Every structure is written in structure tokens, then in C-alpha cells.
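Okay, structure first, notes after.
The values are calculated or read from the model by the stated rules, or taken from the named source; none is laboratory data. Since we're looking at a predicted model, the values are computed, not measured. Note that we place each Cβ from the backbone using ideal geometry, even for glycine, and neighbour counts take in every protein chain shown.
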Amino acid sequence: MAVLTPPDAIPDFLIEHFDDLSPETLRGTADYARGEAYLPPDEMPDKMKEAFVLQDDETVAAIADYADELAAVLEEQNGDESW
């Protein structure tokens, strides 16, 4: 099982929200952070949406990368459990 450590650029209060998100929502969050989606995913917590506005570009980029990486880890874990 892969262990993923969030980058220091992401505030702890945002990291806490990632634990409850599905891989699909994490990918949508990453797309939203990169500006590839106009609207955030419905399942993205409101506090997280509000916090995005207050983050600098470096932090938002780190959030996008971390969300994608975490989604991949979760998908891998879910795939391992299905056999």
C-alpha cells in the first residue's frame, strides 16, 4: 500500500477534507483547482471551495497535484481489494 504525504504548501485544515473524498471527487477537485472545470464537484465541501479563493497559485497547484495523486492511490487500493 502506497503512503502519500501531502506537500507542505497545503494548509492542514484543507488536508483534513481530503480524507472523506472519493477518487472521482478528488479528480474533480484537481480539475477545478487547475481551472479545467468551471464549477467545483458537488461533493467538494463548501469550506474547501471557500478556502480555494484565499490560496496563492502555488498552493492551488499543489492541491491539484495532491488530489490527483491521492485519487490514484485510492483507486489502486480499491482495485487491490476487488480480487
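Data for the structure
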read-out: Number of positions in the stretch 46-61 that are more than 16 Å from P6 (Cβ to Cβ) and part of a loop (DSSP other than H, G, I, E, B); value: 1
read-out: Among (1) among the hydroxyl-bearing types (S, T, Y); (2) free of Cβ contacts under 8 Å to residues at least 24 places away in the same chain; (3) in contact with a Pro (Cβ under 8 Å, 6 or more places away or on another chain) - the single one T5 does not satisfy; value: (3)
read-out: Residues satisfying the stated conditions in the stretch 4-14, i.e. loosely packed, with under 15 Cβ neighbours inside 10 Å and under 17 Å from K49 (Cα atoms); value: P11, D12, F13
read-out: E24 modelled with pLDDT of 95 or more, loosely packed, with under 15 Cβ neighbours inside 10 Å and in a loop (DSSP other than H, G, I, E, B); value: no
